[in-house]
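The values are calculated or read from the model by the stated rules, or taken from the named source; none is laboratory data. Since the structure is predicted, the reported quantities are computational estimates derived from the model, not experimental observations. Cβ atoms come from the backbone with ideal geometry, glycine included; neighbour counts cover every protein chain shown. We work out accessible area using only protein heavy atoms, side chains counted, and drop any ligands, DNA or RNA first. Shrake-Rupley method; radii C 1.70, N 1.55, O 1.52, S 1.80 Å.
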Amino acid sequence: MKSKWILTGAAAVVLLSSFSFLGIFSHQINFNEEVKPILNKHCMACHGGVKKAGGVSFLFEKDMYDPAKSGKPPVVAGDAEESEMMRRILLPEGHEDKMPKDGPPLSTEEVEILTKWIDQGAKWGNHWAYNRVERPSVPSVGSFWARLGLTDDDETRWAKNEIDHFVLEKLREQQLKPAPEADRATLIRRVSLDLTGLPPTDAQVQRFLKDTSPKAYENLVDSLLASSGYGERWAGMWLDLARYADTKGYERDPGRSIWRYRDWLIKAFNEDKPYDKFVVEQLAGDLLPNPTDAQLIATGFHRNTMNNDEGGTQDEEFRVAAVIDRVNTTWDVFQGTTFGCVQCHSHPYDPFTHEEYYKYLAFFNNTRDEDVTSDTPTLRFYGKEDSVRIVKIEQWIKAHQGQKGVKLPDFQRFARIMEPKVNSHDFDQHVNASLLDAKYFGIQDQGTARWPNVTLTGKNRLLLNIGTNAENALLQLHQDSIKGKVILSLELSKVGDTVMVLPVASDGGKHSLFWTLHSPKTPKEWVKIKWAAFQEALPGKDEAGFTDVEKLYAEILTGGVESTPIMYDGHGDLARTTHVFERGNWTVKGKKVNPDVPNLFRESGEKTASMKNRLDLAQWMTSREHPLTARVAVNRIWEQLFGTGIVETVEDFGSQGITPTHQELLDWLSVELMETHQWSLKKLLKQITLSATYRQSTAVTPEKLAQDPFNKWLSRGPRARLSAEQIRDQLLATSGLLSHKMYGRSVMPLQPDNIWLSPYDGAKWQLSAGEDRYRRALYTYWKRTAPYPSMVMFDAPSREFCQVRRIRTNTPLQALVTLNDPVYLEAAHCFSEAIAAKYASPQEQIREAYRRLTYQSISPKRLQVLLNLYNKSLANYRKDTGATKKLLANDGNATPELAALTVTANAMLNLDEVVTKP
């Protein structure tokens, strides 16, 4: 019997040994986790997307097996000894073929990993972020008996929802334990600042502290999500991504009226617009069936690109720059991928080719904005009189709808957005003609110009935006040549900037047209044309009253109306062909390409063959199959709440980005967002803020600080300095100055003098009146070349381009802002007045001020320091009454005591616990 067991055991040993020999139990090398980092570090600089030294690249799997210039493939799957890559890596130092050529040699461990990987078959793999998001299993927590509900333990008592299960699993791996829940005063201030961007009111705090129900905290979260401040807080975050500004940028940086897009954002967040629709409407709202005004306004996301109105610039150059910015921003914001470098060459590290960049650009290349001063296309908002005119024209079209003429939807579209039309910078072959200030076409006496390739079939009206000081001039439009058939003759004599609806007599078909001008009386006066459009006449042109109706049409197009820039695609003659730009140079056009997405996504099963426009693209991006959109959205929300994303490089999910700390949690939340929450951001935010992970105390032990200094593993609560907007809004709220007025044009609150320099138009900072001076930060007028200084000091970007992540800085200048900026001084003054009205002694005043700012009791040591500051300031102001009046802005109630309290309150507003999320 004993010998039988010995034989059985020996057989088992032999069997296991053979399994080991066959590699069944050996460690399988993971390409993305172990091999790709080595290639990126040592090889990609010379053998990647930018440079393919020796004809070798490790960017794509097929390249790895292709013979190089040497005639040998870099990798022979299953045989490291025969792989040229390994041969060169293992050559002795000093050998001319030694790899890496100009870098440090690979470590022994790295060589072993590559060798083993090749011997195991050199299995390739997509980077984790480019694989479909699958729902991972939720880790179990607690003991076996606790999971059965027969007892409980620390883990089961601590966990509130599934998020905590994922976090606990990582904490166990790192031999860390979570922190206990923060006190209630801390919790309400934290979650209020996170969800609404504002501190809680005293009434909210007292109500929450007294509420002993099990759902007290959940009810608080629900109320904050339902508040109007929620939409303002999250819209403010999105403005960086949309590179929103109230000016156009570049050196001239004139104003732009696009505030309706900002208001759309606020409403979208407050309405909890599903994130997939939120994305689609911003990228392609104009392409939806019968788009609403709101859906058109949403496309302002990509009309926030800069516009160069300087003289001497070339519109096409800056139109292309705007299109390129849209491509890069779309990838930065929604895909978390650095795609901009692919404009000039294939991606150095990730599998995106140079040609694929321009296929993607083709989705955006047909938009009708062309860097013109008017910022067209725009959505127009008519006043009462013009609206009446429009109704009359619509009634005329309906009454004559059986007759030949323009259809009602076509009229409504043109009246609404004035597209399609041709901007006059498209006219060429100028003789005695020019682009005036490089903006609009101008022609003088005996001048000519060509309007190329115009389809005239079915078009018997020319809509022309024209103006001149010339007298007795004759402008003509000829078909096919300068001496060809005249299809339009227009007598002009001092015409202001106006839109005319003019009859034309063409032969139909497609022709080049030619402008000529005869102006002998005033030969040096320019006739300026801004745009032109051929259309079919209104129906009923042979009936009485037609001339009056056509006149109404011209009047509504001429009248000045409010408008906001939107996206709109050109079709037919206005459609563009897209080419690869050789080395990113827009003037050197290479291969023609059609709209498409990178092959990487085709290989992962994506259906992209029928994608033709931005709507197709946006719907593909928000499909369940897409690997990036939900992950990037969840990561951004997490970063806003915890200060650092699960993927710290929010802007880069690629192979050079920082590896996620909790990848399974990120994937689980991404599936939750798409499937369980049906893309609801409010539900996602509630889920995260209800977790025990979010509710933890920020207190840290020396052991945790040593083991997890940056709270990478979430062993304590989130603590980060407030954003520039939160700091300002908190200041106004606690001082009682904050206006809760919503929407409308941007405002100009107090700022130091001489910030703006506007040599082109002399624009100045016009201080807003009344409550507009105290509105929330997101309503502040944003000039790209001179953004609001106190917010820039706290890391707000200029918004010339999209900034996905604000990198927090700590500098002495920030303290100088909070201590000296006029807004902070005024707020400290008002705050002190409110405190002094209720409390008499300095000790009581300081205690109450600290409580209102932090909802915590002040420590005796803190109190004494602030009391010393108060007493010192009081002594100074009693000696210098002029300084008192200067500090308190000549307040009739100015006293040395109020001045001293103002200085003390100003210092308290600068405390770490005030400007940092608790």
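Quick notes on this one:
- Screening 196, 212, 247 for residues that are on the phi < 0 side of the Ramachandran plot, without any contact (Cβ under 8 Å) to a residue 12 or more places away in the chain and among the β-branched types (Val, Ile, Thr) leaves exactly one candidate, 212.
- Flag for residue 571 being open to solvent by 80 Å² or more (accessible area, probe 1.4 Å) and out of contact with any helix residue (DSSP H, G or I) (no Cβ under 6 Å at 6 or more places or on another chain): yes
- Residue, farthest from residue 189 (Cα to Cα), within the stretch 726-751, restricted to residues that are open to solvent by less than 50 Å² (accessible area, probe 1.4 Å) and over 28 Å from the mean Cα position of the chain (by Cα): 737
- Residues in the stretch 396-429 that are more than 18 Å from residue 556 (Cα to Cα) and either of a type in the set (S, T, N, Q) or open to solvent by 70 Å² or more (accessible area, probe 1.4 Å) (or both): 398, 399, 401, 402, 403, 404, 423, 424, 429.
- Residue match in the stretch 348-356 (condition: part of a helix (DSSP H, G or I), out of contact with any His (no Cβ under 6 Å at 6 or more places or on another chain) and buried (at least 20 other Cβ atoms within 10 Å of the Cβ)): yes
- Considered as a group, the residues in the stretch 633-667 that are within 15 Å of the chain's Cα centre (by Cα) and among the hydrophobic types (A, V, I, L, M, F, W, C) include one that is surrounded by the fewest Cβ atoms within 10 Å (Cβ to Cβ), and that residue is 637.
- Picking from residues in the stretch 782-806 that are closer than 15 Å to residue 750 by Cα and part of a loop (DSSP other than H, G, I, E, B), the one that is nearest to the chain's Cα centre (by Cα) is 782.
- The single residue among 551, 524, 530 that is open to solvent by 20 Å² or more (accessible area, probe 1.4 Å), in a strand (DSSP E or B) and either modelled with pLDDT of 95 or more or touching a strand residue (DSSP E or B) at 6+ places or on another chain (Cβ under 6 Å) (or both) turns out to be 530.
- Failed condition for residue 813, given (1) assigned by the TED database to the domain that holds residue 886; (2) open to solvent by 50 Å² or more (accessible area, probe 1.4 Å): (1)
- Helices (runs of 4 or more DSSP H) contained entirely in the stretch 842-918, each with at least 3 residues that are over 19 Å from residue 820 (Cα atoms): 842-854, 860-879
- Looking at 116, 101, just one residue is in contact with a Cys (Cβ under 9 Å, 6 or more places away or on another chain) and among the basic types (Lys, Arg), and that residue is 101.
- If you go through the stretch 40-53 and keep only what is over 23 Å from residue 659 (Cβ atoms) and open to solvent by 40 Å² or more (accessible area, probe 1.4 Å), you end up with 46, 50, 51, 52.
- Residue that is modelled with the lowest pLDDT [pool: residues in the stretch 599-631 that are under 19 Å from residue 282 (Cα atoms) and open to solvent by 70 Å² or more (accessible area, probe 1.4 Å)]: 612
- A single entry from 262, 184, 172, 256 fulfils the requirement of being open to solvent by 60 Å² or more (accessible area, probe 1.4 Å), touching a residue at least 12 places away in the same chain (Cβ under 8 Å) and among the basic types (Lys, Arg): 184.
- Residue among 220, 241 that is of a type outside the set (Gly, Ala, Ser) and touching a Cys at 6+ places or on another chain (Cβ under 8 Å): 241
- Any hit, the stretch 721-737, residues being out of contact with any strand residue (DSSP E or B) (no Cβ under 6 Å at 6 or more places or on another chain), assigned to a loop (DSSP other than H, G, I, E, B) and farther than 27 Å from residue 689 by Cβ: yes
- Whichever residue in the stretch 132-173 is farther than 22 Å from residue 675 by Cβ, assigned to a loop (DSSP other than H, G, I, E, B) and of a type in the set (Val, Ile, Thr) and, among such residues, is modelled with the highest pLDDT: 141
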